[in-house]
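Read the structure below first, then the notes.
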Amino acid sequence: MAILVTGGAGYIGSHTVRELVEDGRDVVVYDNLSRGHREAVGEGTPLVVGDINDYIKLKETMQKYAIDSVIHFAAESQVGESMANPEKYYFNNVVGTLNLLKAMKDCDVKKIVFSSSAAVYGEPQEIPITERCPKNPTSVYGRTKLMVEKILVDYDVAYGIRHVALRYFNAAGAHVSGEIGEDHTPETHLIPIIMEVALGKRDKIKIFGTNYPTPDGTCIRDYIHVTDLAKAHILALDWLINGGPSRAYNLGNEKGFSVLEVIETVERITGIKIPREDTSRRLGDPAVLIASSKKITDELGWIPRYTTLDDMVKTAWNWHSKNPNGFNDK
Ligand code: UDP
């Protein structure tokens with residue numbers, strides 16, 4: 001009996017695989033390596049190079065490895081790209097998940113932990129955001145995540161496939177060992193971009209908007225350490241293994257930091273001055289996103305360990321400074 005981790009060679013996927021393996025679980029990674037990295041998967045862990053739109057390969061993999069649960073990360077995840085190329089997002093994120101669910105149904109696999117996103121909420125009506133808040137995604141990416149959540153509800157009712165959907169806020173940091181971390185091409189996320197400036201790979205950080213209704217005018221986000229996210233997946237899986245009903249949970253730290261605070265934290269921790277440029281707002285960026293994670297703490301006992309911005313920046317810097325070219329350095 002093994003756990004299939006789709007997208008297990010990606011950023012959050014590889015950190016989750018690491019925690020699962022350290023916990024003694026039997027894991028098989030399924031990844032098309034379009035964004036993921038072979039080097040991010042530990043040596044003892046089987047890696048099947050395949051696409052979630054390949055139903056036959058999914059089914060063969062489930063049968064070959066006696067899969068009895070799935071953690072599903074594989075997805076396209078860039079908001080801007082999703083607006084420019086919705087077809088890619090609907091096919092990979094929605095149709096791909098339908099293929100995965102069909103293979104699960106045909107192989108009698110009844111448990112799935114799904115990577116959802118704070119993007120399902122869109123522009124929040126209230127802060128902190130609870131799971132009951134209205135879901136009005138403002139991007140194609142967010143819509144794909146919400147569509148899959150709804151599909152999962154229907155598959156539970158009709159076929160008894162139970163799920164936990166985890167709505168991540170801003171994943172950050174890296175494994176404390178510095179052996180795995182964030183490596184996207186192109187990079188679009190704030191902390192790794194600032195790291196690239198610190199490493200001299202970019203000349204400055206562009207701040208997307210300085211006139212938001214926040215204390216310093218820059219956007220506020222809720223950063224959550226990738227290892228804390230990873231551990232939540234194990235709790236979610238155990239919830240399903242123990243017979244728990246389907247659930248959706250937010251995952252954040254319930255604390256917000258502005259773009260300027262993040263830049264200043266990186267400067268303090270690295271000792272490197274980060275040149276910056278004030279630029280216009282990025283389309284679709286809400287001013288403030290802060291999670292309430294009370295539900296997952298109350299129901300699954302999730303307690304984050306790396307809760308300060310310093311924790312996230314220190315572990316991220318450890319990874320980026322040891323591997324300035326990401327997994328190409330491996
Ligand atoms: N951001 C920025 N400059 C950049 C990248 C991001 O000012 O080069 C801001 C962005 O507008 C947002 C925050 O940093 O307010 C976090 O953005 P990121 O893309 O990391 O995550 P998101 O909140 O979009 O999931």
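Some points to look at:
- DSSP finds beta bridges in the stretch 171-282, and of those with both partners inside it, around 25 percent are antiparallel.
- Among Asp183, Asp310, Asp278, the largest mean-square fluctuation in a Gaussian network model of the chain (Cα springs under 10 Å) belongs to Asp278.
- Partner aspartates and glutamates for Lys231 [C-alpha distance under 18 Å; skip if fewer than 8 residues away on the same chain]: Glu19, Glu22, Asp23, Asp26, Glu179, Glu182, Asp222, Glu254, Asp298, Glu299, Asp311
- Basic side chains Lys and Arg get +1 at the Cβ, acidic Asp and Glu get -1 at the Cβ, and with that the dipole of the stretch 139-207 about its Cα centre reaches some 280 debye.
- Summarised in one figure, the compactness ratio Rg/Rh of the chain, Cα atoms and Kirkwood Rh, is 0.95.
- Estimated [θ] at 222 nm from DSSP helical runs (n ≥ 4, -39500 (n - 2.57)) normalised by residues in the chain, nearest 500: -11000 deg cm²/dmol
- Think of the stretch 181-244 as a dipole: +1 on every Lys or Arg Cβ, -1 on every Asp or Glu Cβ, centred on the Cα centre; then among Pro215, Ala232, Gly181, Pro215 lies furthest on the positive end.
- The angle between the Cα long axis of helix 11-22 and the longest principal axis of the Cα atoms of the chain comes to about 60 degrees, rounded to the nearest 10.
- The ellipsoid equivalent to the alpha-carbon distribution of the stretch 266-330 has semi-axes of 28, 22, 13 angstrom, derived from the gyration tensor eigenvalues as √(5λ) and listed largest first.
- Once backbone amide H atoms are built at 1.01 Å from N, Ile224 has Asn170, Ala171, Ala172 as its partners under 5 Å, excluding neighbours fewer than 5 places away on the same chain.
- Tilt relative to the chain, helix 96-106 - C-alpha long axis, 0 to 90 degrees, to 10: 30
- Percent of Cα pairs exceeding the 23 Å cut-off, where the set is the stretch 218-308: 40
- The chain - charge dipole about Cα centre, Lys and Arg +1 at Cβ, Asp and Glu -1, debye rounded to 20: 340
- Comparing Lys206, Lys255, Lys64 in a Gaussian network model of the chain where C-alpha atoms under 10 Å apart are linked, the largest mean-square fluctuation is found at Lys64.
- Assuming charge only on the beta carbon of Lys and Arg (+1) and of Asp and Glu (-1), the dipole of the stretch 43-168 about its Cα centre is about 260 debye to the nearest 20.
- When the chain is treated as a GNM with alpha-carbon contacts under 10 Å, the residue of Asn85, Asn99, Asn170 showing the greatest mean-square fluctuation is Asn85.
- Legend: residue pairs Lys135/Lys204; Lys135/Lys294; Lys204/Lys255, Cα-Cα distance threshold 23 Å; pairs beyond threshold, Lys135/Lys204; Lys204/Lys255.
- With Rh defined as the Kirkwood radius, the inverse of the mean 1/r over Cα pairs, the Rg/Rh of the stretch 170-251 is 1.09.
- Mean shadow area of the stretch 52-187 over all directions, Cα convex hull, nm²: 9.9
- Cross-link partners of Lys206 among lysines, defined as those whose alpha carbon lies under 19 angstrom from its own and excluding same-chain residues fewer than eight positions apart: Lys273.
- Note on Ala84 and Thr130: their simple-model spin labels are 4.0 nm apart, each label 7 Å out from Cα toward Cβ.
Every number here is computed from the coordinates shown, using simple stated rules; none is lab data. Note that the structure is a prediction, hence the values are computed from the model and not measured. Counting neighbours? That spans all protein chains shown, and the Cβs are built from the backbone with ideal geometry, glycine included.
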